[in-house]
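Okay, so here's the structure we're looking at.
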Amino acid sequence: MWRLGPMTIAVVGEGPVCDEVCAELSVLEEVESEKPAVVFRFVDEVEAPPGAVHVGTWRFGECCVAGNGAGYEFKMRRGVDGTYVVDVAPERRRRKFGDALSRAWDWNYLGPSEKAAKNFMYGLFDTVTALALLERGASYLHASSFESGGEATALVAWGGVGKTSSVLKLMVREGVRYLSDDLGLVDANGVAWRTPKRLQIYGYNVDGQRGLDERLLRGRGPVDRLNWHWRQRRFGPKKVRRRMAVEELFGEEYVAVSASMKRVVFLERADVAVPVVEPIRGEDMAQRAASILVDELETLFSLAVAAESHGVDVGIPTCGELRRAMERVLGEAFSGCGAWVVRVPVEARPEELAVVVWEVFGG
């Protein structure tokens, strides 16, 4: 079992996909005696809910929902004690071309089990843990976040703006400590927590950052390196990436467990000649951050829409209730810290974003 912010999660079972998931979660604090809020059980087969209502890929039964993910099937139910119990059955696949060939062609350089585990983390794991966290006064936010001097800074933005590149640059140049890359985690008391998902590093994230490029490729085999360089030249830096734990890239000393929220920054690209920094109210920032989550947690909101539209009660909030709960938690989390919007030129490089973030908010 591991601690995820203010709650505990457990994973049981065996198999290569389960092993990959456990390896990804192993960066969190391990606990032994606490009651888990979520239990993921990796099984050979998921039992279909009897008399289910079929809505797209969802199958709604009495107080449970089943469905298909990318590389797995699942069934989620809510126990009488409030624990979410999720059965996960990885897809049985025929190795037509072999795992080695599949990995060599993949733009992440992942084998089938690794891809299924990744899809699980970005789909089902995020969906269920987001529900359980909201019930405990915590919420995800789409942010890269870091700790410096005991204080946390969250860079909130739409995908592709440059928040990941900025944090990576600040880790290399300023020695800040990592908290999150894709989904950050804060609670209503204003504490930012480490999240477990591995970094997703694109070619453009290391463009012009020689030290980071060397760290990324260090220890990788010749086929792995060939895949990286060939895909960059053939398809461009947005079409090649690697997933890896931040500890593997930088070392454990560059990672924080939690920190008090000091500032939250909304990054956006705009038609401006120079960066523009403007303060914003915490409640307005919470509204912006919750809006992005509607898109980022697409599986969760799709599930809520499907259940609500068919009048099925599977024990989860409606879309409106989810949105309001996220705004409420984020508003409380941001109430004690500073909030700003930073507009940067459309063509600004990650180097420039990192300089603005550090000089204005971190230096």
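Using the Karplus equation 6.51 cos²θ - 1.76 cosθ + 1.60 (θ = phi - 60°), what ³J(HN,Hα) coupling, rounded to whole Hz, does each residue of region 206-219 give in order, writing x for Gly and Pro?
10, 4, x, 10, 4, x, 6, 4, 5, 4, 4, 8, 4, x
Please arrange SER302, SER139 by how many other C-beta atoms lie within 10 Å of their C-beta, fewest to most.
The order, fewest Cβ neighbours first, is SER302, SER139.
Where in region 236-252 does the amide nitrogen come within less than 18 Å of the point 7 Å from the Cα of ARG349, taken along Cα to Cβ?
237-238
Would you work out the charge dipole size for region 1-129 about its Cα centre, treating the Cβ of every Lys and Arg as +1 and the Cβ of every Asp and Glu as -1, and quote it to the nearest 20 debye?
Computed charge dipole of region 1-129: roughly 520 debye.
First obtain the Kirkwood hydrodynamic radius of the chain from its Cα pairs, then insert it into the Stokes-Einstein equation at 37 °C and 0.692 mPa s, and state the resulting D in µm² per second as a whole number.
Result for D is 154 µm²/s.
Only bridges whose two residues both fall in region 1-129 count here: according to DSSP, what percent of them are antiparallel, nearest 5?
Here the antiparallel bridges make up roughly 75 percent for region 1-129.
Which stretch or stretches of region 5-38 have amide N atoms under 18 Å from the point lying 7 Å from GLU135's Cα along the Cα→Cβ direction?
Output list for this probe position: 5-12, 34-38.
Hey, got a sec? Which trypsin sites (Lys or Arg not before Pro) in region 276-363 land in a DSSP loop and have at most 16 other Cβ atoms within 10 Å?
Of the trypsin sites (Lys or Arg not before Pro), the ones in loops of region 276-363 whose Cβ has at most 16 other Cβ atoms within 10 Å are ARG281.
Suppose we keep just the alpha-carbon trace of region 1-129; what are its Rg and Dmax in angstrom?
15.5, 46
Go through ALA188, LEU134, TRP105 and say which Cα lies farthest out towards the positive end of the charge dipole of region 53-194; charges sit on Cβ, +1 for Lys and Arg, -1 for Asp and Glu.
With unit charges placed on the Cβ atoms, the residue in question is TRP105.
Using DSSP, restrict attention to beta bridges with both residues in region 1-48 and report what percent are antiparallel, rounded to the nearest 5.
Antiparallel bridges make up about 50 percent of those DSSP assigns within region 1-48.
Label 7 Å along Cα→Cβ of ARG173; region 261-279 residues with amide nitrogen under 16 Å?
The answer is 275, whose backbone nitrogens lie closer than 16 Å to the label point.
In the chain, what percentage of the DSSP-assigned beta bridges are antiparallel, given to the nearest 5?
Restricted to the chain, the bridges split so that about 70 percent are antiparallel.
Kindly put TYR254, TYR178 in sequence by how many other C-beta atoms sit within 10 Å of each C-beta, fewest to most.
The order, fewest Cβ neighbours first, is TYR254, TYR178.
Could you work out [θ]222 nm for the chain from helices alone, using -39500 (n - 2.57) per DSSP H run of at least four and dividing by all its residues? Round to the nearest 500 deg cm²/dmol.
Helix contribution divided over all residues of the chain: -10000 deg cm²/dmol.
Determine the dipole magnitude for the chain: charges of +1 sit on the beta-carbon of Lys and Arg, -1 on that of Asp and Glu, nothing else is charged, the reference point is the Cα centre, and the result goes in debye to the nearest 20.
It comes to approximately 1280 debye.
For region 82-209, max minus min Cα coordinate along each principal axis, in Å, sorted largest first?
Sorted largest first, the three principal extents are 51, 49, 22 Å.
For region 140-248, list log₁₀ I(q)/I(0) at each q in 0.17, 0.19 Å⁻¹, using the Debye formula over Cα point scatterers of equal strength and ignoring solvent, two decimals each.
Debye output, listed in q order: -0.81, -0.98.
Under 27 Å from the Cα of LYS163, which lysines turn up, not counting those fewer than eight places away in the same chain?
In chain and number order, the partners are LYS115, LYS118, LYS197, LYS238, LYS239, LYS262.
Pop a pseudo-label 7 angstrom from the Cα along the beta-carbon direction at both SER309 and ASP295 and give the gap in nm to one decimal.
2.0
List the GluC sites (Glu not before Pro) within region 265-357 that DSSP assigns to loop and that have no more than 16 neighbouring Cβ atoms inside 10 Å.
Hits after loop and neighbour filter: GLU347.
Throughout, read-outs are computed from the coordinates displayed, never taken from laboratory work. Quantities reported herein were computed from a predicted structural model and do not represent experimental measurements. Quick reminder, even Gly has a Cβ in these numbers, built from the backbone with ideal geometry, and neighbours come from all protein chains shown.
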